[in-house]
Each structure stands twice: as structure tokens, then as C-alpha cells.
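Down below is the structure, laid out as C-alpha cells.
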Amino acid sequence: MKKKMKIDSYNKKILSTLHLEGALTNIELAEKVNLSPSACFQRVKALKEAGYFRNLHADVNLDQLCEHVLAYIEFTLEDNSAPSRRRFVSRIHEIPEIMDCMQLSGDVDYISLSCFPNLKKLNEVCSELSDQTDLRIKHIKTRIVLERAKWFLGYPLSKLKWLDDNEHDGEIVSERATV
């Protein structure tokens, strides 16, 4: 089990900055969060070891690099029992073109963002999944992405309540100066 650590204001700044600018050098990051390079390096190392972030990724411009089809795939299962969901999720993990898969409330059980080389491959994978009777897929609906009006540019960390913050009268206790 990973060691839990306190997420103080410096750690919040480090995570928020790295989340959006993962290619910064340690010196650049230290300047942005107002720490010495040594202290910054130690904090980043501890945050990673504690599991607060897993990896840093490059935002690759697919439109400039390769032909592709982005699509959302909606899955409705016949059987929503835990064993059925585990089988389905296990199979989805085996398909690299399905990049993200989320369980939903409502009339659709799962939705996934996918990236395929072409429509033919997208249809082949959907057909293969439908043909696997042990997955108990009742319905698959694909929604082709026509244009990306806005793309994921990071979580709005500055707008979210951090789990270790204790609120009292509208003030965040963890960020108060102590005397």
C-alpha cells in the first residue's frame, strides 16, 4: 500500500503545475512553486511514490500525425451483475484503441472514448465484442467525433475541493497560518 502524505499548499501547487505542464524541468517547476530545486525534487519524488500522479504524458497532435477516427462507444449490458461487469471491463482492458471506459448511471452502462485507424477497424472491434456472448452486451452504439471543439486540457484542480482540506466558516483550515 502506498504511503499517504499531507497535501500542503506546496504539494498542491506542484501537482496543479505538473498536471498542466509536465515537461517542465525541476528548476522551472521549483521557480513556479517557490521552492528550492532540491526541495521541489524531493516533493515530486514523494508525491509520485505515494501514487498522487502516475505518469507524465505528451499531448500528441493526432490530426498532424496520422489518419484516425475518434468515437465514443456506448455499451448497454444484458446483465449488470458484478461478475458480468468484471468480464466486460477485463475484455475492454485488452483493446488499446479503447482509451477510456467509464461506468455510468442511467440507460447506458459504460461509455468509452476510442481512437481507431479507420471506421472499418472500429466496426470490426464492435462486432467482435457483440459476438462474445459471455460479455452479455445487449447494445452497442457508436458516436463518431466530427470535430473537437474543446479537448481535455487537464482537470480543473484549482476548482475542486482537495480531500485533506478541512473547511470552517468558509475558510480552508489547512492553508491558515499558524502562530
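Quick notes on this structure:
Every residue, every condition in (1) touching a Pro at 6+ places or on another chain (Cβ under 6 Å); (2) among the small types (G, A, S); (3) modelled with pLDDT of 95 or more, yes or no:
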| site | (1), (2), (3) |
| --- | --- |
| S38 | no, yes, yes |
| A50 | no, yes, no |
| L70 | no, no, yes |
| I98 | no, no, yes |
| L119 | no, no, yes |
| L135 | no, no, yes |
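- Annotation note: of W162, W151, the sole residue that is assigned to a loop (DSSP other than H, G, I, E, B), among the hydrophobic types (A, V, I, L, M, F, W, C) and touching a helix residue (DSSP H, G or I) at 6+ places or on another chain (Cβ under 8 Å) is W162.
- The C-beta contact set for segment 51-62 (first residue farther than 15 Å from L24 by Cβ and in contact (Cβ under 8 Å) with a residue 40 or more places away in the chain, second residue part of a loop (DSSP other than H, G, I, E, B) and open to solvent by 80 Å² or more (accessible area, probe 1.4 Å), distance under 6 angstrom, 6+ apart or interchain) comprises G51/K2.
Conditions (1) over 23 Å from the mean Cα position of the chain (by Cα); (2) of a type in the set (A, V, I, L, M, F, W, C); (3) within 30 Å of R148 (Cα to Cα), marked per residue:
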site	(1), (2), (3)
P37	yes, no, no
C40	yes, yes, no
R43	no, no, no
F53	no, yes, yes
L70	no, yes, yes
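- Residues of segment 144-179 that are modelled with pLDDT of 85 or more and not aliphatic (A, V, I, L, M): E147, R148, K150, Y155, P156, K159, K161, W162.
The values are calculated or read from the model by the stated rules, or taken from the named source; none is laboratory data. The model shown is predicted, which means the values in this text are computed figures rather than measured ones. Counting neighbours? That spans all protein chains shown, and the Cβs are built from the backbone with ideal geometry, glycine included. For accessibility, only protein heavy atoms count, side chains too; no ligands or nucleic acids. Shrake-Rupley method; radii C 1.70, N 1.55, O 1.52, S 1.80 Å.
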